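Okay, structure first, notes after.
The values are calculated or read from the model by the stated rules, or taken from the named source; none is laboratory data. All of these numbers come straight from a predicted model, not from anything done at the bench. A quick note on method: Cβ atoms are made from the backbone with ideal geometry, for glycine too, and the neighbour counts reach across all protein chains shown. With ligands, DNA and RNA removed, areas are computed over all heavy atoms of the protein, side chains included. Shrake-Rupley method; radii C 1.70, N 1.55, O 1.52, S 1.80 Å.
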Amino acid sequence: MNSFRFRFSSLLVLIVLVISACSREVKEPKVGEWRAVLETIDGKPLPFLFDYTAEQTLVVHNAEEEVVFSDITIVGDSITIAHPIYEGVFKGVFTEDSIYGNFIKPSLNRVVPFVMKQGREERFSVNAAPKATVTGTWETVFSPKKPSDRYIAKGVFEQIGHKVVGTFRTTTGDYRYLDGSVENDTLRLSTFDGAHAFLFEANVQGDTLMNGVFYSGNHWKENFTAKKNEAYELPKADSLTFLREGYETLEFSFPDTNDTMVSLSDERFQNKVVIVQIMGTWCPNCLDETRYYTQYVKENPNDNLEFVSLAFEYAPSKEKAMAAINRLKEKVGVPYPILLAQYGSEDKKKANEKLPMLNHVLSYPTTVFIDKKGVVRKIHTGFNGPATGDKYDAFTKDFEAFVATLLNE
């Protein structure tokens with residue numbers, strides 16, 4: 001009898017342990033293909049596709065681009081999905097095949113509702129064949145009826161069947177990898193990269209004209225018009241930003257991540273070619289450019305060449321801004337100093353007050369080329385990222401050739 005009681009008690013303990021272990025098992029969203037929808041102004045859905053992987057990462061797909069979210073935390077049925085560099089974070093509740101919640105940017109007080117559903121779907125559901133073809137180059141004007149907000153762009157698209165990929169290039173950069181479709185005479189494009197959520201919707205008239213609306217998250221929208229023009233080019237990026245009369249170089253003094261003040265007059269920069277990058281850790285084009293500069297420095301070490309970045313951050317405190325800079329340096333492996341030039345706002349007019357020798361700060365990023373004598377030789381506004389294809393290749397080729405010229409002087 002005692003032996004039976006012992007065996008029975010042992011069995012009860014085993015059952016309790018198994019039940020306890022099962023109750024502690026953490027469930028996850030299903031591995032596989034998912035579709036997410038963010039809610040923009042006017043209730044317009046902004047979709048993107050992603051994979052949830054067995055390694056507990058979320059991989060967003062925008063045309064050729066993959067954006068990896070590797071910081072995922074699960075507590076009960078709550079889930080937090082964060083980008084390794086950008087501040088924005090998804091917070092929601094989940095089942096195996098759905099996630100509901102908000103995409104939040106705390107420093108900007110922005111909250112965008114989202115829904116994610118498991119399963120293979122089109123980015124944009126299409127119920128009719130395309131009646132328009134948008135392949136080619138489009139001369140574009142955003143906010144055409146608002147002189148104070150008006151700016152120009154170049155749309156470059158490729159359409160196969162109803163699917164479309166491409167981007168809008170502006171004088172300050174590009175609108176990332178856009179991915180979408182044409183249904184009847186309506187073009188829809190979207191992208192989500194962890195920092196920006198963009199939706200473009202346009203009516204296409206006769207394959208030669210567009211009238212549309214550009215949505216940025218749920219905080220901004222503007223109209224745009226475009227006309228097919230294969231010969232259209234934007235102004236040269238080297239002509240838009242320049243030194244004011246009476247200046248030959250930059251002057252600045254900002255703290256690095258050790259809170260040590262760094263100035264262009266420091267000995268480390270003397271008699272060297274210096275590349276000064278004006279940027280922000282929140283800026284995807286700046287991230288693309290930083291990745292390229294980091295690769296260039298590592299592949300082309302030269303004692304006569306220095307890089308330094310000036311970060312203009314919207315983080316509300318110095319501590320949070322420094323944390324963002326450190327996060328970028330660590331994740332990308334940036335080998336050169338990134339200085340905190342401004343926090344609390346990325347406002348370009350305020351940035352210009354920090355660099356009054358420039359006619360304006362038109363774009364993040366902007367690159368200033370300084371020769372061995374300390375003279376500014378060129379200022380390149382904006383950055384044509386990988387999404388621009390040939391323009392990105394042209395930028396890297398021109399950059400490397402011009403730096404080589406300065407080094408050989």
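Is the shape of region 253-408 rounded, prolate or oblate, going by the alpha carbon gyration tensor and its root eigenvalues a ≥ b ≥ c, with a/c under 1.5 for rounded and a/b larger than b/c for prolate?
Verdict is rounded for region 253-408.
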Exercise. Using a basic spin-label model with each label point 7 Å from the Cα along Cα→Cβ, how many nm lie between Arg150 and Lys27?
Worked result: 5.6 nm
Exercise. Which whole-Hz ³J(HN,Hα) couplings does region 204-212 yield from phi under the Karplus relation 6.51 cos²θ - 1.76 cosθ + 1.60, θ = phi - 60°, glycine and proline marked x?
Worked result: 9, 10, x, 6, 10, 10, 10, 10, x
For this session: Enumerate the amide H contacts of Tyr343 below 5 Å, restricted to partners 5 or more residues apart or on another chain; note that Pro and chain-start residues carry no placed amide H.
Result: Glu313
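Nearest 5 percent is fine: what portion of the DSSP beta bridges confined to the chain is antiparallel?
Around 90 percent antiparallel, to the nearest 5.
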For this session: Read through the labelled values [x] -0.46; [y] -0.30; [z] -0.37 and report the label of the one computed as log10 I(q)/I(0) by the Debye sum over Cα atoms at q = 0.06 Å⁻¹ from the structure.
Result: [y]
Exercise. Over region 253-408, what relative contact order in percent results from Cα pairs under 8 Å that are six or more residues apart?
Worked result: 28 percent
Seminar exercise, completed: region 66-89 scanned against label point 7 Å out from Ala323 along Cα→C-beta; backbone N under 18 Å for 70-73, 80-89
For this session: Using θ = phi - 60° and the Karplus relation 6.51 cos²θ - 1.76 cosθ + 1.60, list the HN-Hα couplings for region 172-185 in order, rounded to whole Hz, with x at every Gly or Pro.
Result: 10, x, 9, 9, 6, 7, 9, 9, x, 7, 10, 10, 6, 10
Exercise. Counting pairs of alpha carbon atoms under 8 Å apart in space and at least six apart in sequence, what relative contact order in percent does the chain give?
Worked result: 13 percent
Exercise. How much mean residue ellipticity at 222 nm does the chain get from its helices, if each DSSP H run of length 4 or more adds -39500 (n - 2.57) and you divide by all residues, to the nearest 500 deg cm²/dmol?
Worked result: -6500 deg cm²/dmol
Exercise. Where the centre of each part is set by its Cα atoms, how far does region 222-249 sit from region 37-102, in angstrom?
Worked result: 35 Å
Exercise. Tilt of helix 284-299 relative to the longest C-alpha principal axis of the chain, in degrees (0 to 90, nearest 10)?
Worked result: 80 degrees
For this session: Just report the Cα centroid separation between region 358-409 and region 271-295, whole Å.
Result: 10 Å
For this session: Provide the solvent-accessible area of Lys350, counting protein heavy atoms only and rolling a 1.4 Å probe, rounded to the nearest 10 Å².
Result: 100 Å²
Problem set entry | Gain in span if fully extended, Ser143 to Lys227, counting 0.36 nm per residue against the direct Cα distance | 28.8 nm
Problem set entry | Trp220 - accessible surface, heavy atoms, 1.4 Å probe, Å² rounded to 10 | 100 Å²
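Estimate the FRET efficiency between Thr257 and Asp185 by the formula 1/(1 + (r/R0)^6), using the beta-carbon distance for r and 56 Å for R0, to the nearest 0.05. Please list the in-between numbers first.
Values: r = 52 Å, r/R0 = 0.92.
With R0 = 56 Å, the Cβ-Cβ based efficiency is 0.60.
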For this session: Rounded to the nearest 10 degrees, what's the angle between the helix 2-24 long axis and the longest principal axis of the chain, both from Cα atoms, 0 to 90?
Result: 30 degrees
Seminar exercise, completed: Note, Ser98: beta-carbon cut-off 14 Å, +1 each Lys/Arg, -1 each Asp/Glu, net -2
For this session: May I ask you to rank Glu230, Glu201, Glu289, Glu245 by accessible area, largest first, using a 1.4 Å probe over the protein chains only?
Result: Glu245, Glu230, Glu201, Glu289
Problem set entry | Helix axis angle, 390-408 relative to the chain longest principal axis, alpha carbon, degrees | 50 degrees
